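Input: a single structure, listed below in structure tokens.
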Amino acid sequence: MQRRGGKRIRMDEPPPPEYENPMTPMTPMDGSGGDLQEPYTPYNPYSNQPSTPLHSGTDMYGDQYGESSGSNHFQPQPVQNQYEQQQLYEQPHFDQQQQALASYDQTYEQPPTPVRPRVTRARLRAAAASSSGVNPTPSNAPTRRLVPLIEEPKKRRPGKKLVSELLSDDENCLYFIIRQGRVSLQVIVDDWIENYKVNRDAALLSLMQFFINSSGCKGKITPFMQASMEHATIIRKMTEEFDEESGEYPLIMTGQTWKKFRTNFCDFVQILVKQCQYSIIYDQYLMDNIISLLTGLSDSQVRAFRHTATLAAMKLMTALVDVALTVSVNLDNTQRQYEAERQKARDKRASDRLESLMMKRQELEENMDEIKNMLTYMFKSVFVHRYRDTLPEIRAICMAEIGVWMKKFHQNFLDDSYLKYIGWTLHDKVGEVRLKCLQALQPLYASEELKGKLELFTSKFKDRIVSMTLDKEYDVAVQAVKLVISILKHHRDILTDKDCEHVYELVYSSHRAVAQAAGEFLNERLFVPDEEAVAGIRTKRGKKRLPNTPLIRDLLHEHGAYLVDSLIESNEMMKDWECMTDLLLEEPGPSEEALDDRQETSLIEIMVCCIKQAATGEPPVGRGPTRKILSAKELKQVQDDKTRLTEHFIQTLPLLLDKYRADPEKLANLLAIPQYFDLDIYTTSRQESNLDFLLKKIISIVEKLHDTEVLETCAKTLEQLCTEGNAIYTRCDVARSTLIDMIVNKYKEAVDEWRSLIEGEETPDEDETFNVVHSLKKVSIFSQCHNLGHWNIWESIYKDIVEAKDGNKSLPEEAVKYCICACFFGILWDLRHLEELMESGSNGTQELASLKHNLNNFMEAMKEMLLLGPSQVYKEELANAPVVLSSTAEDGEIEVRISAYIVICDILVMFCDQLASNPHLVDLVYYADRNLQIILNDFIQSYVFVMEDDDEQDEHSKIEELHKRRNFLASFCKLIVYNVIPTKVACDIFKHYVKYYNDYGDIIKATLGKAREINKTNCARTMALSLTLLFKDLQRDGIRVNRQSEEFISLKELAKRFALSFGLDAVKNREAITALHREGILFSVNPLENIEDPTGPPPNLPFLEILTEFTNKLLKQDKRVVLTFLDRRITAGMPSSRGEDWQPLLMYRNSLVHGETDQPPVTSKRAYGRKKKEAVEEEEGVVEEAEDQTSDQEFVSGLQVKVTPHRPAPRRYPKKRLHSPLPAEVAVPLSHLAISANEGSSETNSSELSGQGSSWLMEALKSLPEEVEDPSRL
């Protein structure tokens, strides 16, 4: 064979350039480079030595299997005498592995690759016969299947009717039958074989047509084409008839029908080969033609042909591998029978049986050679080119199937010359392809017998596999971790400590599947129970240590929740409660080292996390779905775990609380354990004494400790224990009453002493201040979980708030903050009590009046609290000096304002219009008047939208501050989302969308979406108002707007973001977009006169450039209407000396007339047209009237403070509001316009619109539905 300049294929070379830049044509073209095209050489006969298409018994990369010279796959290397195994692999560079080329759907300039003939065993015999005088088939046969001789049709068995005969002629094709899926594939294949035996040309034609139709091609192969044309010509003709407009074909189409067809397509190919495995596949006709056709199609420029043919060819190879395995088994059996017969005594040996076994063995060997010949040819002709195809689906198919071949037929395919393709493709840029590579390797590493053949591959590609555990595609990362686990099992010495550390850290991954896979790796490498390690180790009092003790000692790390979630489903030690409590309670023995304080804290945290997840089955926050629905098996497992942990901790928890009673951090975790108990076990197992012990411990802890987290946990645990309906409710309720009595009495004593000191004009000392602050703290915390209404302390606490508000006899700011919280929850508890009274049928008139009185007084006090600090409305001089949350001078005052703000937002949500659903509670609905809206907005602007000082705070403090600010913004935005306050109030929020996108972008975007759901038009108007506010900021101090400035460009970016939020449905947003353009135009031309330059444009005219960002959201017919409205407001005038000033107007007009035949109006001599005074006044009156009718309360001109409460109509709520489109008299013209435009009759409508002008728009905008009533009319 002709060699290509001494070039040899080596695995230590860089990857093929065609893989780095995948291309469709992988081989030289016809007529170009023909001198480089090497002829196909017959394959070596089968021998016992290991041989592969690229690795023969004598030379691993023999010349006869070299790749096509026309496709420079590898860089030439010097010829060496012998290649070492260690030089087989070298990790390739894939930085530019898959640069995007032209789409396959486009027309390619290069013709498909010529197909080389496959030399078969029969053709070799024919060549040998030619030397003895027999006329053979020419060795350089055409590059397609041999045209068969005409044979007499064979008769079919009588009495059997084919499935195809049951269908009409149009439905007689294989493609239709298989796509319908109504007939078993086995029956279809049997019928096709019967047809093949009768007329193999017709049967082959139907099979060829099946592959063409499966590609989505409607072309038809005629018998004449089959008999007279080469396959390459047929494919070229089918390409010409291919309909490429849609770009879809069966393999990529969606839907259940096409999904089933893809499965049937693959199964059909494999069943066909299976049914033909004993004779037909060896007849040098069927397989020659099918392989030739699929090879040609797989090299086509048409993606549909290439994709379909590659899938068929790969499945065909998989089916041939199954046949090869069957032949191999039969060959081994025959060989064994032959040896057994030959070793018999001569008188007992049957010579005829020996001869038949010898002939059978020879036939099987020839069949095996033939199958390997087919596999080798298809691998070289299809796989080697398609594994680096530009289409990821094709590359994924190749990787998936080669893994199957290596697993099933490892004698032939599990070789380094094949493994290198998987190793190279591990660097693929598409996650699905990388995933298929890992899935192909997984079963190979899981097999003990195959690990020896993977040593070289593992050593070369181990680093890449380990790095893939950090893959950006989580499915790939999970599979990579599992593969590393298999490598650890069978090649333990290959992984270094650094490799393992990379996987260790993944247990803290936010993706649960990755973390759990990393947990399995930890179990395999570190957490293997060893009973010998704890043999003879006992505690101080002689108790034997459990086997998991050293493992749990090694587990003590931070971030327990994520660590536990990674391991709890794969390692039983995470539920070994006895081992954990023994480490905490039992004193260490002489051969043990005691746990230090940090280790004890970590162990308690991990133990509580295990308890929580075992008892609930829920992953920690940030992992998994927010609401996981457990299966019946999981529910049973959860209940069993809950029972076991309850039985254990009922006895040990009081001991743990007693031991760590002085450590708040440990107590906060331990006190949460009873929240996950099965409380019935207290009575069923007669553990009431331990319950009393636990309750006494809780009371003692609350009395002596003042840590916030400990007190909150105690309150929640006591609430869980006092659940009504449990058998232990009475005991727990008595303990709760005792505890609250103690808290309330201490508060009364402390506050009475404080007030007496203040009245006596004495200054309280530190102890008295400490007592009043922490007694109020306990009252506040327990009021969140328990109703303290029976103790009648609300009035006393509210009195403290009033005194603090007035500045007389004021408590410390921290105490005032606790007073606000206690009063707030007191009002909520009263509301719940009132609802229960109403449900029971009682008359709660007195309670209702008392609650309303308390609510109004409390809200007035909170408003005044909010005004204690700087205000943008009432203190303009401080508007540019926002308050920083970390200010040391006013920390107490800031905390009070924050508490008041949070409480007001929550009360507005709790006492909104939803209470009106109960007629008895209508009087409790609290409306946010304009004054309160301004106060809340002022707080947001002062505390949320502030620029951070990077030098003053560390990173952790910055994160905490940002978290606080996000909560403040979310509290305000939920008032918009729940329709508590008008959408217009959000204009000061929306204007910060771009500037603060990194910090609050997700919150503002969600609010914007919800506001649009409530009312699209009002949301659009709010966007326009946000833009105008920012535009006015650019004009401060009379500065002329610079359209090239960074601020103006940022404003355009905000408008672009707003425009993108409307989506692609222009019809749905038609009304809103029209309203936005109207608002923008009116702002741009108001005032019309330019005071500084009477001949110049209006001062707000540059805003039209901002408005241009929304023009593409207008329908074509609406653009004309808006243009008419614009022209009636201002006439474009652009003197040559002032051209730049009028560019925004011309830009906006051009965007409206884009694609239209309308021409811009002729420029007048004046900057704009002037009208007579009477006409101007008349038009202004019409405009003002229209504006009054189209504006709802959200768009009342000006920001005057109105004390009158804002009372939205019930229809403002999403569940009750009727979405009001344009009225009938306006909706008809809109729909008529849309229909006419679609029907192509836009000329008539254009003239109608021109006649109507802005009057039509004004009528439409006048009829826009009002969202709420004007508060001045209430």
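The values are calculated or read from the model by the stated rules, or taken from the named source; none is laboratory data. On a predicted model such as this, the values are computed, not experimentally measured, just so you know. Cβ coordinates were reconstructed from backbone atoms using ideal geometry, including for glycine residues, and neighbour counts include every protein chain displayed. To get the accessible areas, we keep the full protein, side chains included, count just its heavy atoms, and leave off ligands, DNA and RNA. Shrake-Rupley method; radii C 1.70, N 1.55, O 1.52, S 1.80 Å.
Couple of notes before you dig in:
- Straight-line cross-link partners of residue 628 among the lysines, defined as a Cα under 23 Å from its Cα and at least 8 positions apart when in the same chain: 575, 612, 636, 642.
- Among 314-325, 649-660, sorting by the average number of other beta carbon atoms lying within 10 angstrom of each residue, highest first, gives 314-325, 649-660.
- For residue 198 and residue 681, the difference between the fully extended length at 0.36 nm per residue and the C-alpha to C-alpha distance is 166.0 nm.
- A simple spin-label model places pseudo-atoms 7 Å from Cα toward Cβ; at residue 946 and residue 639 they are separated by 5.4 nm.
- By average C-beta atoms within 10 angstrom, highest first, the peptides 194-202, 594-602: 194-202, 594-602
- Cα gyration tensor category, rounded, prolate or oblate, for the stretch 907-1046 with a/c compared to 1.5: oblate
- Tensor-based shape of the stretch 245-297 (alpha-carbon gyration tensor, a/c under 1.5 rounded, otherwise prolate or oblate): oblate
- Accessible surface ranking that places the most exposed of 897, 686, 1129 first, with a 1.4 angstrom probe: 686, 1129, 897
- Potential extension, residue 467-residue 553 segment - 0.36 nm per residue separation minus Cα distance: 28.0 nm
- For the stretch 169-387, averaging the sequence separation of C-alpha pairs within contact (under 8 Å, six or more residues apart) and dividing by the residue count gives a relative contact order of 19 percent.
- Backbone N under 18 Å from the residue 474 label point (7 Å along Cα→Cβ), restricted to the stretch 999-1031: none
- Sequence-distant lysines (8 or more away, or on other chains) whose Cα lies within less than 30 Å of residue 197: 154, 155, 160, 161, 218, 220, 237, 260, 274, 315, 360, 372
- Here each label is just a point 7 Å from Cα along the line to Cβ, and for residue 1013 and residue 784 those points are 2.8 nm apart.
- Loop-located GluC sites (Glu not before Pro) in the stretch 712-768 whose Cβ has at most 10 other Cβ within 10 Å (DSSP): 724, 761, 762
- Formal net charge of residues neighbouring residue 848 (Cβ-Cβ distance under 15 Å; K, R +1; D, E -1): -4
- Cross-link reach list, lysines versus residue 498, counting only Cα pairs under 27 Å and skipping chain neighbours closer than eight places: 420, 429, 436, 451, 453, 460, 462, 472, 482, 489
- Note on residue 768/residue 792: beta-carbon distance plugged into 1/(1 + (r/R0)^6) with R0 of 35 Å gives a FRET efficiency of 0.90.
- In this simple spin-label approximation, residue 578 and residue 241 carry label points 7 Å from Cα along the Cα→Cβ vector, and these lie 7.9 nm apart.
- Using θ = phi - 60° and Karplus 6.51 cos²θ - 1.76 cosθ + 1.60, couplings along the stretch 737-746 (whole Hz; Gly, Pro as x): 4, 4, 5, 5, 4, 4, 5, 5, 5, 5
- Stretchable slack from residue 733 to residue 1050, in nm (0.36 nm times residue separation minus alpha-carbon distance): 108.1 nm
- Among the lysines of the stretch 886-1040, pairs at least eight places apart or on separate chains and with Cα atoms under 15 Å apart come to 9.
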